[in-house]
Amino acid sequence: MKTKGSLVVLGSINADHILNLEHFPTPGETVTGQEYQLAFGGKGANQAVAAGRSGADIAFIACVGDDDTGSRVCRQLASDNIDISSVSTVNDAATGVALIFVNGTGENIIGIHAGANGALTPELVAAHQDKIADASALLMQLESPLESVLAAAKIAHQNQTKVVLNPAPACVLSDELLGLVNMITPNETEAEKLTGIRVENDEDAAKAAQALHGKGIETVIITLGSRGVWLSEQGKGQRVPGFKVNAVDTIAAGDTFNGALVTALLEEKTLNEAIRFAHAAAAIAVTRKGAQPSVPWRNEIDEFLQQQG
Ligand code: RIB
């Protein structure tokens, strides 16, 4: 039986090693950083945390290693209002790791070791199929094996669970997978990877959105950084601007946007209201350092929105 308004996130869990430095090192160069932070991250976990903290009824399908990091991450996720009964501990595997440089202007570059995330197989997805079938929406990204993302999308589609795909990191995807997606949320780079259309302005975004509609996706939201998002529903597009804040670190801004967006949609907010809510959550996140430490709670988002009038 479907639990109305409930969400399942399927995705990655990482321990983020973050080094803040003035500029990114070039090959052969060593740069001394000003600040080092070890924090929980991973696109799947960040989106799950954003949903949990913004009030969703959410379960998470993911894998951790049988190490100390894995058990600490699980405790943290549970305290973020997430049902972790479908987070598996993988024997003899290390929890995923991300090595992140953040430069003086808040940009980041990221290298990843999948570790236990690679053990999220289609078989494991099948073992949790009831969770997907009973939910109203399934939110996924691309740091998990692609065949597992496809397997989960198929289960969702067969059970009228809406599939929301944040196609990050950028990757070419099959028409089979895209045809199972109800809503897609690429950034400009990811939209170009999926459509071959370089997104530099609203006109390009409209064209890329049209190409994604052509694959069978009803709702396309292309995130445009500080310019907001391009929202296109069945071919009708508009730009929805975000909020202006002083960004110190954009890690997990997109993840926060996605988790908050789906939470608001499951509360039956309109698309424009849900985007405004998600913009607010992401705006708060970029004013703070790290991935999960930067993700706001519901009361913070509501307060931010009230202040905007
Ligand atoms: O989107 C940000 C995330 O990407 C980081 O938390 C890091 O773990 C990588 O997965």
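The values are calculated or read from the model by the stated rules, or taken from the named source; none is laboratory data. Owing to the predicted nature of the structure, the values given are computational and were not obtained by experimental measurement. For neighbour counting, all protein chains shown are included, and Cβ atoms are generated from backbone atoms with ideal geometry for every residue, glycine included. When the accessible area is computed, the model is the full protein with side chains, heavy atoms only, and any ligands, DNA or RNA have been set aside. Shrake-Rupley method; radii C 1.70, N 1.55, O 1.52, S 1.80 Å.
Of note:
- Looking across LEU261, LEU265, one residue alone is in contact (Cβ under 8 Å) with a residue 60 or more places away in the chain, in a helix (DSSP H, G or I) and open to solvent by 20 Å² or more (accessible area, probe 1.4 Å). It is LEU265.
- Residue, least open to solvent (accessible area, probe 1.4 Å), within region 286-301, restricted to residues that are assigned to a helix (DSSP H, G or I) and farther than 11 Å from ASN46 by Cα: ILE301
- Across region 1-24, the number of residues qualifying as within 13 Å of the ligand (Cβ to nearest atom) and within 18 Å of the chain's Cα centre (by Cα) comes to 6.
- Restricting region 161-192 to residues that are in a helix (DSSP H, G or I) and within 16 Å of the ligand (Cβ to nearest atom), the residue that is most open to solvent (accessible area, probe 1.4 Å): THR189
- Taking residues in region 7-34 that are farther than 17 Å from GLU107 by Cβ and polar (S, T, N, Q), and partners anywhere that are open to solvent by 10 Å² or more (accessible area, probe 1.4 Å) and in a strand (DSSP E or B), the pairs with Cβ atoms closer than 7 Å and at least 6 places apart or on different chains are ASN14/VAL97; ASN14/ILE112.
- Count of residues meeting criterion [out of contact with any Pro (no Cβ under 7 Å at 6 or more places or on another chain) and in contact (Cβ under 8 Å) with a residue 40 or more places away in the chain] in region 53-75: 15
- ASP80 among the charged types (D, E, K, R) and in contact with a helix residue (DSSP H, G or I) (Cβ under 6 Å, 6 or more places away or on another chain): yes
- Which numbered condition GLY104 fails, given (1) touching a helix residue (DSSP H, G or I) at 6+ places or on another chain (Cβ under 8 Å); (2) open to solvent by 50 Å² or more (accessible area, probe 1.4 Å): (1)
- Qualifying residue in region 114-129 (condition: open to solvent by less than 20 Å² (accessible area, probe 1.4 Å), among the hydrophobic types (A, V, I, L, M, F, W, C) and more than 16 Å from the ligand (Cβ to nearest atom)): yes
- Hey, SER71 among the hydroxyl-bearing types (Ser, Thr, Tyr), in contact with a helix residue (DSSP H, G or I) (Cβ under 7 Å, 6 or more places away or on another chain) and either open to solvent by 20 Å² or more (accessible area, probe 1.4 Å) or at negative phi (or both) or not: no
- Residue list for region 214-237, filter: over 21 Å from the mean Cα position of the chain (by Cα) and outside any loop (DSSP other than H, G, I, E, B): LYS236, GLY237
- Within region 41-60, the residues that satisfy the criterion of being within 15 Å of the ligand (Cβ to nearest atom) and either part of a loop (DSSP other than H, G, I, E, B) or open to solvent by 40 Å² or more (accessible area, probe 1.4 Å) (or both) are GLY42, LYS43.
- Which listed residue, of CYS63, CYS74, is part of a helix (DSSP H, G or I) and either within 13 Å of the ligand (Cβ to nearest atom) or of a type in the set (A, V, I, L, M, F, W, C) (or both): CYS74
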